[in-house]
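Only one structure is covered here, and it is reproduced in the block below.
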Amino acid sequence: MKNIVVLVSGGGTNLQALIDSQARGEIKGGSISCVISSKEGAYALERAKNAGIPTVVIPRKDYADKLSYSRAILEELERQKADLIVLAGFMIILDECVTKAYPYRIINVHPALIPSFCGEGYYGLKVHEKALEYGVKVSGATVHFVNEQADAGAVILQHPVAVRNDDTPETLQRRIMEKAEWKILPRAVSLFCEDKITVKDGKAYVENTDEE
């Protein structure tokens with residue numbers, strides 16, 4: 001069984017989706033072994049505790065710079081024997097010392113169809129504001145591997161969500177979470193733990209299954 005370590009900063013809705021999927025037996029070949037938060041008091045910690053999952057808090061404010069914080073995170077990941085690291089609403093950009101230590105073993109979910117509305121500065125409601133501003137008819141979510149550039153790692157899974165004429169950034173955000181993020185993030189985690197993702201020439205390929 002692979003050890004899945006989830007990094008969080010806030011409410012933990014994507015963490016909850018993972019917890020629920022795990023409880024339903026949908027994540028095969030691995031289990032959430034630890035949740036690490038960048039903030040004390042994050043509600044995601046309560047979600048983890050309610051599910052009986054060990055938690056660790058490494059406050060960003062306790063470290064002088066990105067590198068020293070990233071090294072503290074890296075030490076904890078090694079202590080936890082992490083096989084897969086999931087960024088689930090983790091609002092800190094880590095130094096490349098972490099991504100280089102875990103190549104193709106860190107995944108993130110982004111609330112748009114990469115390469116649209118992604119990269120530095122595109123997070124939270126800003127993503128949906130830009131999508132509506134542009135007038136796209138379809139948005140969605142992407143699960144991708146994390147590398148040294150923001151939202152530039154190999155795409156694992158994507159799921160489209162229609163944009164409605166009366167959408168606000170808040171309504172679009174909520175629908176993309178419910179219809180896309182909460183479905184494809186647990187699916188990607190399970191695929192990784194089942195060794196059904198291969199990477200070739202910087203691209204991720206998912207093994208065909210009957211469920212797809």
## Note on the structure
Taking only protein heavy atoms and a 1.4 Å probe, the highest-to-lowest accessible-area order of ARG105, ARG174 is ARG174, ARG105
### Query
Can you give me the pair-distance distribution of the chain, C-alpha pairs, 5 Å bins, whole percents?
1, 7, 16, 20, 21, 17, 12, 5, 1, 0
### Query
Taking a threshold of 26 Å on the Cα-Cα distance, which of the pairs LYS61/LYS100; LYS28/LYS183; LYS28/LYS66; LYS66/LYS126; LYS28/LYS49; LYS2/LYS200 fall above it?
LYS28/LYS66
#### Entry: Cα centroid of region 1-57 to Cα centroid of region 58-97, whole Å
15
### Task
With a probe of 1.4 Å, find how much accessible area the chain has per residue, and write the answer as a whole number in Å².
51
#### Entry: region 93-212: Cα Rg divided by the 2.2 N^0.38 Å rule of thumb
1.08
### Task
Could you run the Karplus curve 6.51 cos²θ - 1.76 cosθ + 1.60 with θ = phi - 60° over region 114-122 and give me ³J(HN,Hα) per residue in whole Hz, x for Gly and Pro?
4, x, 7, 6, 9, x, 4, x, 9
### Query
Using a Gaussian network model of the chain with C-alpha springs under 10 Å, which one of CYS193, CYS97, CYS34 is most mobile by mean-square fluctuation?
CYS97
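Quick one: dipole size for region 33-105, taken about the Cα centre, charges +1 on Lys/Arg Cβ and -1 on Asp/Glu Cβ, in debye to the nearest 20. Don't skip to the answer; put the middle values down first.
Working: 11 positive and 10 negative charges, 25 e Å.
Charge dipole of region 33-105: 120 debye, to the nearest 20.
With the full set of protein chains in place, find how many percent of the accessible area of region 29-187 is carbon and sulfur; take the probe as 1.4 Å.
Of the solvent-accessible surface of region 29-187, carbon and sulfur hold 50 percent.
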### Task
Write down Rg/Rh for region 1-75, rounded to two decimals, with Rg from the C-alpha atoms and Rh from the Kirkwood relation over Cα pairs.
1.01
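What length, rounded to one decimal in nm, is gained on full extension from ASP195 through to ARG174, with 0.36 nm per residue of separation minus their alpha-carbon distance? Please report the intermediate quantities before stating the final value.
Details: separation 21, 0.36 × 21 = 7.56 nm, distance 3.07 nm.
Gain on stretching ASP195 to ARG174: 4.5 nm.
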### Task
Using packing as a proxy for protection, rank 37-45, 84-92 so that the peptide with the highest average count of other Cβ atoms within 10 Å comes first.
84-92, 37-45
### Query
Over the heavy atoms of LYS100, what accessible area does a 1.4 Å probe trace out, to the nearest 10 Å²?
130
### Computed magnitude of the charge dipole of the chain (debye, nearest 20; Cβ of K, R +1, Cβ of D, E -1)
200
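At 222 nm, what value in deg cm²/dmol follows for the chain if DSSP H runs of at least 4 each add -39500 (n - 2.57) and the sum is divided by all its residues, to the nearest 500? Please list the in-between numbers first.
Numbers: 7 runs with 69 residues, N = 212.
For the chain, the value works out to -9500 deg cm²/dmol.
The values are calculated or read from the model by the stated rules, or taken from the named source; none is laboratory data. In this text, all values refer to a predicted model and were calculated from it rather than measured experimentally. Please note: Cβ atoms are built from the backbone with ideal geometry, for glycine as well, and neighbour counts cover all protein chains shown. Keep in mind that these areas ignore ligands, DNA and RNA; they rest on the heavy atoms of the full protein, side chains included. Shrake-Rupley method; radii C 1.70, N 1.55, O 1.52, S 1.80 Å.
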